[in-house]
Amino acid sequence: MLDKNKEPFLLFDEWFNLAQLKELNDPNAMNLATISEDNKPHSRMVLLKGHSDKGFIFYTNTNSNKGLQISFNDNVALCFHWKSLQRQIRIEGTVNKVEDSTADDYFNSRGYISRIGAWSSKQSSLLESRTDLEKSIEEFKKKFPDKNNVPRPAHWTGFLVSPNKIEFWQDMPHRIHDRLVFEKQENHTWISQKLYP
Ligand SMILES: Cc1cc2nc3c(=O)[nH]c(=O)nc-3n(C[C@H](O)[C@H](O)[C@H](O)COP(=O)(O)O)c2cc1C
């Protein structure tokens, strides 16, 4: 059973480490839910690219739908589901851009075509034909031919989700599952409680 006395970030680490061993693909894939200016929810998958007791980092295009939604409303939710473990982690919090140096370091660790792709893709805009994207990739390859020197586009960065709530869900026999929720208090300590499944 889930231990109420565990520290939430340590429990996250334990589960995430296990998922990295057991999950077939993308153990770091998580659903990101945002709210648009007209108050509608939107969700899609992104990859967790860093985490600590400060929060959970993903990278994206700031001009994408999610990027614009975050700029209107910084409340977001994340959800991991690891089928191999029959476990779910839900996170709610607020989002902020990471430091430029953090985004630069991660951007520079990506492959050349991925870095070129960040320049070439007007993420979430209408694409008339795949050829337009391919042309754009070729243009940016010409503009940045040095594989060791592709600058990070201003419209591409990381976001840190600072959690105020983290819920762990473990599948149990007969669907009598185990749920443990941690909520951050004003004094920055966490309280933990069990929930009915
Ligand atoms: C497993 C998986 C991981 C993904 N990771 C990312 C990511 O880290 N960053 C990103 O911008 N899009 C990622 N995507 C694509 C997004 O789900 C989405 O299609 C894209 O970001 C555009 O979303 P938007 O129009 O809501 O902004 C991923 C998709 C999948 C299926």
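The values are calculated or read from the model by the stated rules, or taken from the named source; none is laboratory data. Just so you know, these numbers come straight off a predicted model, no measurement behind them. Reconstructed Cβ throughout: ideal geometry from the backbone, glycine too, with neighbour counts over all protein chains shown. Side chains are part of the model used for accessible areas, which takes the heavy atoms of the whole protein and leaves out ligands, DNA and RNA. Shrake-Rupley method; radii C 1.70, N 1.55, O 1.52, S 1.80 Å.
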Looking at the range 57-80, can you tell me whether even one residue there is touching a residue at least 24 places away in the same chain (Cβ under 8 Å), more than 13 Å from the ligand (Cβ to nearest atom), under 25 Å from Asp171 (Cα atoms) and outside any strand (DSSP E or B)? no
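Considering only the range 1-35, how many residues are among the small types (Gly, Ala, Ser) and near the ligand (Cβ under 9 Å from one of its atoms)?
So the first thing to find is which residues in the range 1-35 are among the small types (Gly, Ala, Ser), and the list is 19, 29, 33.
Among the residues that remain, those that are also near the ligand (Cβ under 9 Å from one of its atoms) are: 29.
Going through the range 1-35 one residue at a time, the tally reaches 1.
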Within the group Leu85, Leu48, which residue is away from the ligand (no atom under 12 Å from the Cβ) and under 21 Å from Asn31 (Cα atoms)? Leu85
Members of the range 69-90 that are crowded, with 18+ Cβ neighbours inside 10 Å and more than 23 Å from Asn17 (Cα to Cα): Gln69, Ile70, Val76
Near pairs, Cβ below 6 angstrom, 6+ apart or cross-chain, from the range 1-29 (under 20 Å from Phe58 (Cα atoms) and modelled with pLDDT under 95) to any residue that is open to solvent by less than 90 Å² (accessible area, probe 1.4 Å) and not acidic (Asp, Glu): none
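Go through the range 41-56 and report how many residues are open to solvent by less than 30 Å² (accessible area, probe 1.4 Å) and not in a strand (DSSP E or B).
Of the residues in the range 41-56, the ones open to solvent by less than 30 Å² (accessible area, probe 1.4 Å) are 46, 48, 50, 55-56.
Filter once more, keeping what is not in a strand (DSSP E or B): 48.
The qualifying residues number 1.
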Which one of Asp105, Asp38 is part of a loop (DSSP other than H, G, I, E, B), more than 12 Å from the ligand (Cβ to nearest atom), open to solvent by 80 Å² or more (accessible area, probe 1.4 Å) and without any contact (Cβ under 8 Å) to a residue 12 or more places away in the chain? Asp38
Out of (1) open to solvent by less than 20 Å² (accessible area, probe 1.4 Å); (2) in contact with a helix residue (DSSP H, G or I) (Cβ under 8 Å, 6 or more places away or on another chain); (3) more than 12 Å from the ligand (Cβ to nearest atom), what's the single condition that is false for Gly93? (2)
When residues of the range 108-125 are filtered for being open to solvent by less than 30 Å² (accessible area, probe 1.4 Å) and on the phi > 0 side of the Ramachandran plot, how many remain? 0
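Listed here are the residues, each with its yes/no results for (1) outside any strand (DSSP E or B); (2) of a type in the set (Val, Ile, Thr); (3) on the phi < 0 side of the Ramachandran plot.
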{"position": "Asp132", "(1), (2), (3)": "yes, no, yes"}
{"position": "Lys135", "(1), (2), (3)": "yes, no, yes"}
{"position": "Val150", "(1), (2), (3)": "yes, yes, yes"}
{"position": "Ile166", "(1), (2), (3)": "no, yes, yes"}
{"position": "Trp169", "(1), (2), (3)": "no, no, yes"}
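So for the range 189-197 (the condition being free of Cβ contacts under 8 Å to residues at least 60 places away in the same chain and buried (at least 16 other Cβ atoms within 10 Å of the Cβ)), does at least one residue qualify? It would help to see each step written out before you state the result.
Going through the range 189-197, the residues free of Cβ contacts under 8 Å to residues at least 60 places away in the same chain turn out to be 189, 191, 195-197.
Next cut, buried (at least 16 other Cβ atoms within 10 Å of the Cβ) only: none.
No: the range 189-197 contains no residue that is free of Cβ contacts under 8 Å to residues at least 60 places away in the same chain and buried (at least 16 other Cβ atoms within 10 Å of the Cβ).
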